[in-house]
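The values are calculated or read from the model by the stated rules, or taken from the named source; none is laboratory data. The model shown is predicted, which means the values in this text are computed figures rather than measured ones. In this analysis, Cβ positions are derived from the backbone assuming ideal geometry, glycine residues included, and neighbour counts consider all displayed protein chains. Surface areas here come from the heavy atoms of the whole protein model, side chains and all, with no ligands, DNA or RNA. Shrake-Rupley method; radii C 1.70, N 1.55, O 1.52, S 1.80 Å.
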Amino acid sequence: MKIRAIGSGSKGNCYLVRGGGKLLLVDCGLSCLELTKRMKACGLDPTEIAGVFFTHDHVDHYRGLETFHKKYPSVPLYANGNTADAIAAVTGVEDGWCVFETTEPFEVGGLSVNTFSTPHDAADSVGYVFEEAEGESVLFSGTDMGVMTVAAKEALARCTCAVLESNHDSVLLQTSDRPLSLKQRIAGRCGHLSNDQAADAVREMQPSRLRMLLLAHLSQECNADYLARESMERALKEIGRTDVQLAVLTQEEPSDCYEF
């Protein structure tokens, strides 16, 4: 399987997964123009996309959908019912949806897709696990979630690659100029994972199959690449997994293509 972040952060999230003979897009939070531009810079064609999977209904995860759907109306849109309804109400995109029940597995091409609920202040936020028949699998533990639930931890424990939110440094968040209500939202159960929370989940689960870990959705104001990386490197060292390939995803440009 292969994975590449097209953009990761509060200004727009898009991730590509290639597996089971299909190219899948997780979230469509960049404008269609920017998505197309970045994909072409990576040697990829948007017409290859075989499905768009939505984690939740915040605009940084569906911003480009309306134009994308007009240009590529045959590409199926995957979401649970509440998320599909919420996005459709804002974008006017009411057709093309493939609605699933959270926790009920389904197949797309040669991939098995499993979903689980994630705690976030959205209509019905979910995380995904995409798995090939050979056993290689990638976890998207939302890229917005306030705490690591049991289901998210169990998914982390069995995946070979994980895209894990590492949104903020707790000290930088609390000392920022943001309003108290926003700080409380971000740090709350339905907000975003901190660097320490992400690292603690890895310490707790000690994922034996994990070979690649991609840190996502970093705050540009309340985090820094080196802080997220250092926090996770300490956790991996403590559990004896310095062999895990670690990367920090960014907002402004596509990541490398990671294969596992």
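Label segment 59-142 by shape, choosing from rounded, prolate and oblate, from the square roots a ≥ b ≥ c of the eigenvalues of the Cα gyration tensor; if a/c is under 1.5 it is rounded, and otherwise prolate applies when a/b is larger than b/c, oblate when it is not.
Note, shape of segment 59-142 comes out oblate.
Calculated from DSSP H runs of 4 or more alone, at -39500 (n - 2.57) each and per residue, what is the 222 nm mean residue ellipticity of the chain, nearest 500?
Numbers: 8 runs with 75 residues, N = 260.
After summing the helix terms and dividing by the residues of the chain, the value is -8500 deg cm²/dmol.
How compact is segment 1-148 by the rule of thumb for globular proteins, expressed as Cα Rg over 2.2 N^0.38 Å? It would help to have the intermediate numbers written out before the result.
On the way: Rg = 13.9 Å, N = 148, 2.2 N^0.38 = 14.7 Å.
Output field value: 0.95.
Just by accessible area at a 1.4 angstrom probe, what is the order of C14, C98 from largest to smallest?
Most to least solvent-accessible, the answer reads C98, C14.
When every alpha-carbon pair in segment 116-260 is counted, what percent end up more than 17 Å apart?
It works out to 58 percent of all Cα pairs.
Note down, for segment 92-199, the three equivalent ellipsoid semi-axes (square root of 5 times each alpha carbon gyration tensor eigenvalue), biggest first, whole angstrom.
Here the semi-axes work out to 29, 18, 10 Å.
For the chain, set up a GNM with springs between Cα atoms under 10 Å and report which of L213, L180, L25 has the largest fluctuation.
It is L180.
Please list, by residue number, every one of the GluC sites (Glu not before Pro) in segment 201-252 that is coil in DSSP and has at most 13 other beta-carbon atoms within 10 Å.
E221, E252
Here are labelled values, [x] 120; [y] 112; [z] 138, and one is the computed volume of the Cα convex hull per residue in Å³ for what I pasted. Which one?
For volume of the Cα convex hull per residue in Å³, the calculated option is [y].
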